[in-house]
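Each value in this text was obtained by applying a stated rule to the coordinates, not by laboratory testing. Source: prediction; values computed, not measured. Backbone-built Cβ (ideal geometry, glycine too); neighbour counts: all protein chains shown.
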Amino acid sequence: YGTDVQRIDTALAETFRDFAIDPTRVAIGGFSDGASYALSLGLINGALFRSVVAFSPGFAVPTRTEDHPRFFVSHGVADRVLPIDPCSRTL
């Protein structure tokens, strides 16, 4: 996941430092490829991201899993880019 995760970690560290954040209410989400990324990061960082919201994901590629976040996945049945059957229904 490289530099993207490092940037996310830095942004979260600064946010947690500067604001009163309830750690039990931190979620990650995305749409399409961003939803796939959110699913993967949510599975890897379940202790941080208690909830994962994924709109039309294509896949999840976690390198490991941690804790058990809650998931909300939605997907249109007529999606031609990431069809629902091999994507969300498989997930």
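Values as computed for the structure displayed
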{"read-out": "Meets criteria (touching a residue at least 12 places away in the same chain (Cβ under 8 Å), surrounded by fewer than 19 Cβ atoms within 10 Å (Cβ to Cβ) and at positive phi) for residue 32", "value": "yes"}
{"read-out": "Only one of 73, 52 that is touching a Lys or Arg at 6+ places or on another chain (Cβ under 9 Å) and in a strand (DSSP E or B)", "value": "52"}
{"read-out": "Long-range neighbours under 7 Å by Cβ, at least six apart or interchain, first residue closer than 13 Å to residue 45 by Cα within the stretch 1-27, second part of a strand (DSSP E or B) and of a type in the set (Gly, Ala, Ser)", "value": "27/51"}
{"read-out": "Complete set of residues in the stretch 42-61 that are surrounded by 15 or more Cβ atoms within 10 Å (Cβ to Cβ) and either of a type in the set (S, T, N, Q) or out of contact with any strand residue (DSSP E or B) (no Cβ under 6 Å at 6 or more places or on another chain) (or both)", "value": "43, 44, 45, 46, 48, 50, 51, 56, 57, 58, 59, 60"}
{"read-out": "Residues being loosely packed, with under 10 Cβ neighbours inside 10 Å, within 12 Å of residue 48 (Cα to Cα) and within 18 Å of the chain's Cα centre (by Cα) - total across the stretch 1-23", "value": "1"}
{"read-out": "Filter result for residue 41 (in a loop (DSSP other than H, G, I, E, B), free of Cβ contacts under 8 Å to residues at least 60 places away in the same chain and within 15 Å of residue 5 (Cα to Cα))", "value": "no"}
